[in-house]
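The values are calculated or read from the model by the stated rules, or taken from the named source; none is laboratory data. All values reported here derive from a predicted model rather than from experimental measurement. Note that each Cβ is placed from the backbone with ideal geometry, even for glycine, and that neighbours are counted across all protein chains shown. What goes into the accessible areas is simple: the full protein's heavy atoms, side chains included, and nothing from ligands, DNA or RNA. Shrake-Rupley method; radii C 1.70, N 1.55, O 1.52, S 1.80 Å.
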Amino acid sequence: MTDDTQTSTTKGGGFARVLRSPGALRLVGSLFVLETGSAMTTVGLPLLVMQRYGLGLEVGFTLAARFLPNILLGALAGQVVDRHDPRRVATLAALGSGLAAALFPFTTAMWQIQLLALAIGIGYMFGFPATMALRPQVIPEGGELEGNGLIVTAERVPKLLGPAVAGPIAAVAGVDWLFTAEAATALVAAALLTRLPRTAGAGSPAAADAAAGAQAASGARTASAVGGRLAGWARAVADGARELVRMVRGDGRLSSLTATAFTYMVALGLGRTFLAAYSLHGFGHVPGMLGYLLAAMGLGGALGGMAAALFRSWNQGWVYVLGNVLEGVCWVALIATGDWYLALALLLFAGVFESIASVVYFAEVQKRLPAGLQGRYYATLVPLSDVFLVAGTVAGGVLVDRGGVYAGAVLVGLAMALPVLVLVTRLVPDRPAPAVEQAAAETEESVVEAGRSAPVAGSAAA
């Protein structure tokens with residue numbers, strides 16, 4: 001823990017405690033500017049493709065390219081974060097994404113655009129778990145709820161602000177300048193990250209050294225054949241999934257939070273498809289209604305991130321359950337209104353409830369999972385979450401088409417509410433989690449053992 005963090009834990013409470021931590025403010029600021037630039041590219045990339053090549057499957061393939069690295073290689077990113085300074089990993093990821101964004105206007109073929117989109121996805125694959133691993137280093141103990149509330153707000157506001165800023169920029173200066181804007185925000189984010197305290201990626205210096213030795217030994221063993229490299233990659237992915245289970249299995253709340261994170265991504269995928277159909281079916285007379293619906297959710301998300309601290313004295317398991325259930329109710333209630341302003345109000349409240357539940361999720365993971373494992377936890381979680389998101393999106397297209405728009409709203413609401421209701425008896429009890437600490441010890445011990453055996457393996461490979 002840094003001196004700034006130690007000082008802030010002794011003074012006051014609530015947001016004041018977090019606001020007195022310079023590291024926390026820099027992390028929140030870097031996330032805000034980075035997400036704002038990313039939101040501009042989310043608008044600019046499909047426009048660039050459509051302007052040059054028209055509508056078609058290319059748009060979908062190009063946007064999907066950003067998800068592929070996380071799905072295929074996310075588990076390996078966790079190992080990189082664990083073995084290196086997460087501050088440096090996050091900084092390099094931001095700079096790499098910014099460079100890729102700056103090159104979009106200079107492309108002359110579709111494959112070049114897709115390659116740059118893939119590069120941005122690689123940056124996110126490393127940047128997200130590295131940023132999550134930095135939170136325990138800069139958020140003061142006792143300020144987890146407020147600190148994560150600020151982080152969620154810093155991620156939600158750009159989803160409203162980015163598209164709002166991108167429209168005038170594209171209209172006045174052209175689409176190409178949207179990518180220049182993301183490159184500029186990436187530079188600002190990287191500058192803020194470089195001022196964070198340097199941290200070790202692993203749980204201890206010894207574990208970090210042992211992990212480096214194990215990595216070197218692994219490289220020596222697999223250097224003999226391409227097949228060995230492929231097998232090593234497959235083992236790393238499988239080991240990452242097993243490690244995720246080992247990290248959370250001893251804590252009923254943590255394991256249930258992890259499980260419902262996956263089911264929520266299915267609901268989110270269903271919701272994306274449903275909202276597109278809903279805006280056309282019920283509000284075809286309102287131009288751009290889908291954008292207004294998404295903006296309402298973004299505004300609600302920003303408000304919810306700040307409001308989460310109001311429930312500090314509540315049982316956080318109940319807050320998480322109620323947040324998901326009430327968000328599901330808002331989605332189902334959409335079928336009962338034909339007024340645009342009521343639809344916007346419902347999605348505004350849905351965004352509030354979603355953010356409150358998200359803050360609880362991030363804060364509980366930070367409190368209940370050892371800091372040395374958080375980078376690997378998120379690096380394993382995120383690619384699996386993307387798989388569930390894609391599955392929900394694809395299933396939504398089929399289910400909404402066959403069942404109708406109203407059935408789609410019910411499916412979204414049920415996918416959000418039912419899982420937390422089924423697991424309520426595991427989410428609500430707030431018991432200590434010795435098994436999680438034991439899992440951390442086992443993980444560190446296994447890494448140390450691997451490091452001890454590294455010289456022997458290296459000699460054998462030689």
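Quick notes
- Extending 7 Å from the Cα toward the beta-carbon at both R195 and T425 defines two label points whose distance is 5.2 nm.
- Cα gyration tensor shape of the stretch 314-354, rounded if a/c is under 1.5, else prolate or oblate by comparing a/b with b/c: prolate
- Mean accessible surface per residue for the stretch 300-354, computed with a 1.4 Å probe while every protein chain stays in place, in Å²: 43 Å²
- The packing ranking, built from the mean of other Cβ atoms within 10 Å per residue, places the peptides 415-421, 298-304, 349-355 in the order 349-355, 298-304, 415-421, highest first.
- Sorting the segments 149-155, 127-133 by their residues' average number of neighbouring beta-carbon atoms within 10 angstrom, most packed first, yields 127-133, 149-155.
- When the alpha carbon coordinates of the stretch 328-419 are projected onto the principal axes, the ranges are 50, 27, 20 Å, largest first.
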